[in-house]
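The values are calculated or read from the model by the stated rules, or taken from the named source; none is laboratory data. Given the structure is predicted, the values throughout are model-derived calculations rather than measurements. Methodologically, a virtual Cβ is constructed for each residue, glycine included, from the backbone with ideal geometry; neighbour enumeration extends over all protein chains shown. SASA here: full protein model, heavy atoms, side chains in, ligands and nucleic acids out. Shrake-Rupley method; radii C 1.70, N 1.55, O 1.52, S 1.80 Å.
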Amino acid sequence: MNLDSIDNVYFIGIGGIGMSALARYFKANNKRVAGYDKAPSEVTRALEALDIAVHFNDSVANIPNPFFNYDTTLVVYTPAVPKDNMELVYFKNNKSFSVLKRSEVLGIVTKNTFCLAVAGTHGKTTTSSILAHLLYECNVPVTGFLGGISENYNSNYISKGTEVSVVEADEFDRSFLTLSPDIACITSMDADHLDIYGEAEALHDSFVAFSQKIKEHGMLFVKNGLPIKGITYGIEDDSDYTAQNIKIENGGYVFDVKTPTAIIEGFKFDLPGRHNLSNALIALAMAAEYGCPHPQLANALALYKGVKRRFTYQIKTEDLVFIDDYAHHPEEINAVHQAVREMYPEKQVLAVFQPHLFTRTRDFIDDFAKSLSQFDEILLLDIYPARELPIEGVTSEWLLSKIEHEHKRLVSKSDLISNIKASNAQVIITMGAGDIGVEVEPIKTALYGN
């Protein structure tokens, strides 16, 4: 498809974090942009502030008139939108329209760029955010399409030019197979999205297929220990790229990087957790292989602030710490636990968790129970269904029964704040990929007012 012939781009599910980044891209490139989403959010309000029309009632009558011109209109949708969405059905039934998945459009947009892609079941958003930031600070003409809101830029879209692109290579629905990167990494391959893949082996096969999409003479980095061949990276191990001489100073890391040819000293990184340190390492490795000078990379990394809802401090005082995180998989919960214990080894920790998807809860029930049992107290919310219908017997009560802990409780959102305030914990963590993020500000206000 030739995007130059397109004047209008209509998004179905425009409030999705990946969709909104593309919407911003097309708006910045002087296209007329509009879209539908099921409910208002911070993301949709930010789009409306850019003069992008967004409506929240699924009806063909709400589509602005210019977008009915099929010769000059591209329709973009996300697989998260139900197949019976009336607007999607209308455009798909009218064969004259170009109707593409978000991932397909991202593949078209990045095809003629030097593309750096970040794949993996965990760590994509933070790693791609760090990488885009490093390139931006090193004056590379980069466009970054991120799966979260960068704290440095208050956006999921970063642009300093169009010659280079940074993208998240999403394994959901095999979306990453639309990309052809020049440099890529795979951060992790833990079983996930089994509602799509069925078996972990099928997920593994999709990552192998992704590794084969890299352009000729391209580079693939893999986390040390993954069953795919590539340039390895890791923490204090025998990888090709490794972080070593790690120290904790003022709540952040100071470390050196050993490359295949040299040792580069004196990096500073302020995000807690070994998983975040690993994300920083691979971002540094990819940026260095692209050609960014090491002194500039060190300065840029020290300026990195993080991604919203990725170990984001809401309150940070001597007496009370409140952290919010997107963790929704057992391995992500383990990473949050490791980070908080490393930073606050003597403090009591309360975890508030909202499970995401009935299928994910069912498929990893024992792993969720084990990971949550590591905290001193657990408050469990009902499962957030997202795109799914309930599954008989798959409930938060079932998960609670498997958590081997006496300080555990199932709570409603209406009782959440009172339960948090009743705790003696000095560190409070909210986790989940559903709508638990909506509760963060009220919790923060209630605790500050204590």
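Here are some notes:
- Gap separating the Cα centres of segment 41-115 and segment 210-256, nearest whole Å: 37
- Exceedance of the 21 Å cut-off in Cα-Cα distance is limited, within the set Lys223/Lys258; Lys308/Lys421; Lys27/Lys111; Lys27/Lys160, to Lys308/Lys421.
- Beta bridges per DSSP with both ends in the chain, % antiparallel, nearest 5: 25
- Inter-probe distance in nm under a simple model that places probes 7 Å from Cα toward Cβ, at Asn154 and Ser98: 3.4
- Antiparallel content of DSSP bridges confined to segment 284-401, in %, to 5: 45
- Share of carbon and sulfur in the accessible heavy-atom surface of segment 65-130 [1.4 Å probe, %]: 50
- Neighbours of Glu289 by Cβ distance under 12 Å: Lys/Arg scored +1, Asp/Glu scored -1, total -2.
- Label-point separation, Asn29 to Val254 (7 Å along Cα→Cβ), nm: 4.4
- Between Arg45 and Glu397, the C-beta separation translates, for a Förster distance of 51 Å, into a calculated FRET efficiency of about 0.90.
- Proportion of all alpha-carbon pairs of segment 289-346 beyond 16 Å (%): 59
- Protection proxy ranking of 335-345, 288-298, 404-414, by the mean of other Cβ atoms within 10 Å over each peptide's residues and highest first, is 335-345, 288-298, 404-414.
- Cα gyration tensor shape of the chain, rounded if a/c is under 1.5, else prolate or oblate by comparing a/b with b/c: oblate
- Cα gyration tensor category, rounded, prolate or oblate, for segment 228-301 with a/c compared to 1.5: oblate
- Zone residues, segment 230-254, relative to Lys268, backbone N less than 18 Å from point 7 Å out along Cα-to-Cβ: 244-254
- What the pair-distance distribution of segment 234-364 shows, using all Cα-Cα distances binned every 10 Å from zero, is 11, 39, 31, 17, 3 percent.
- Three-way shape call for segment 110-156 based on the alpha-carbon gyration tensor, with the a/c threshold at 1.5: oblate
- Two-site FRET efficiency, Lys421 against Asp84, from Cβ-Cβ distance with R₀ of 41 Å, rounded to 0.05: 0.45
- Net +/- balance of residues flanking Ile149 in space, Cβ distance below 15 Å, scoring K and R +1, D and E -1: +1
- Checking Cβ-Cβ separations below 4.7 Å across the chain identifies Cys115, Cys185 as cysteines lacking any candidate disulfide partner.
- Full-extension gain in nm, His204 to Lys305, via 0.36 nm per residue minus C-alpha separation: 33.1 nm
- In the context of the full set of protein chains, the chain has a per residue accessible area of 42 Å² (1.4 Å probe).
- Bridge type composition, segment 99-236 - antiparallel percent by DSSP, nearest 5: 15
- Inverse of mean 1/r across different Cα pairs in segment 91-136, Kirkwood, Å: 13.0
- Taking 0.36 nm per residue of separation and subtracting the current Cα-Cα distance, fully stretching the chain between Lys229 and Ser414 would add 61.7 nm.
- Our coupling estimate for segment 242-250, obtained by passing each phi through the Karplus curve with A = 6.51, B = -1.76, C = 1.60 and θ = phi - 60°, is 9, 8, 9, 6, 7, 10, 9, 9, 6 Hz, Gly and Pro reported as x.
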